[in-house]
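Notes follow the structure.
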Amino acid sequence: MSEKKDQRESFIFIAWAASVIAMFGSLYFSEIRQYEPCELCWYQRILMYPFVIILGIATIKKDYRISLYTMVLSVFGAGISLYHYGIQKFSFLADTAPTCGRIPCTGAYINWFGFVTIPFLALTVFVIIFVCSFMIWKKTKEVS
């Protein structure tokens with residue numbers, strides 16, 4: 001008889017895999033395509049890159065208590081990504097956006113399908129991590 005696999009294992013692995021893909025994607029854009037990140041991109045990276053290590057260790061150790069922390073961090077990351085996406089796509093936000101330094105935060109290196117930009121990709125990953133973390137947190141509360 002086989003024991004049913006804990007769904008939390010799948011959720012934590014999905015969150016970790018999403019963070020790994022996001023990290024390598026951002027490195028691809030900056031190191032291979034030579035797109036220099038703006039200041040808001042750096043903030044998103046600062047919040048995204050630790051997920052690779054934190055969720056990687058949690059995946060190996062099956063430590064589901066990490067879900068509360070990853071939920072909080074992903075909310076902050078999603079907020080920055082949403083703001084960054086907003087100043088790229090909405091002129092009324094772009095007009096009032098503070099200067100971001102050498103590289104303007106309003107510029108979009110990519111614009112796939114007319115709406116997919118780098119901040120949109122980051123927002124998608126932060127949302128995936130949040131949803132997976134929430135599901136882990138919810139299922140952990142049910143088990144306790």
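Within the set Ile12, Ile66, Ile54, the sole residue that is over 20 Å from Thr124 (Cβ atoms), outside any loop (DSSP other than H, G, I, E, B) and under 17 Å from the mean Cα position of the chain (by Cα) turns out to be Ile66. Evaluation of Ile12 against the conditions (1) within 14 Å of Ser81 (Cβ to Cβ); (2) surrounded by 19 or more Cβ atoms within 10 Å (Cβ to Cβ); (3) modelled with pLDDT of 95 or more shows that the sole unmet condition is (1). The condition (being surrounded by fewer than 19 Cβ atoms within 10 Å (Cβ to Cβ), at pLDDT below 95 and out of contact with any Pro (no Cβ under 7 Å at 6 or more places or on another chain)) is satisfied by just one residue among Glu31, Glu36: Glu36. Looking across segment 43-63, just one residue is under 11 Å from Gly77 (Cα atoms) and free of Cβ contacts under 8 Å to residues at least 12 places away in the same chain, and that is Ile46. Residues that are free of Cβ contacts under 8 Å to residues at least 40 places away in the same chain and under 18 Å from Phe90 (Cα atoms) within segment 111-144 comprise Asn111, Trp112, Phe113, Gly114, Phe115, Val116, Thr117, Phe120, listed in sequence order. Can you confirm whether segment 86-103 contains a residue that is hydroxyl-bearing (Ser, Thr, Tyr), free of Cβ contacts under 8 Å to residues at least 60 places away in the same chain and crowded, with 17+ Cβ neighbours inside 10 Å? Taking every residue of segment 86-103 in turn, none turns out to be hydroxyl-bearing (Ser, Thr, Tyr), free of Cβ contacts under 8 Å to residues at least 60 places away in the same chain and crowded, with 17+ Cβ neighbours inside 10 Å. For segment 111-144, filtered to residues that are touching a Lys or Arg at 6+ places or on another chain (Cβ under 9 Å) and more than 30 Å from Arg8 (Cα to Cα), the residue that is surrounded by the most Cβ atoms within 10 Å (Cβ to Cβ) is Thr117. Here segment 17-39 is the region considered, the condition is being part of a loop (DSSP other than H, G, I, E, B) and not hydrophobic (A, V, I, L, M, F, W, C), and the residue that is nearest to the chain's Cα centre (by Cα) is Pro37.
The values are calculated or read from the model by the stated rules, or taken from the named source; none is laboratory data. Keep in mind that this is a model prediction, so the values were computed, not measured. Don't worry about glycine lacking a Cβ; one is built from the backbone with ideal geometry, like all the others, and counts go over all protein chains shown.
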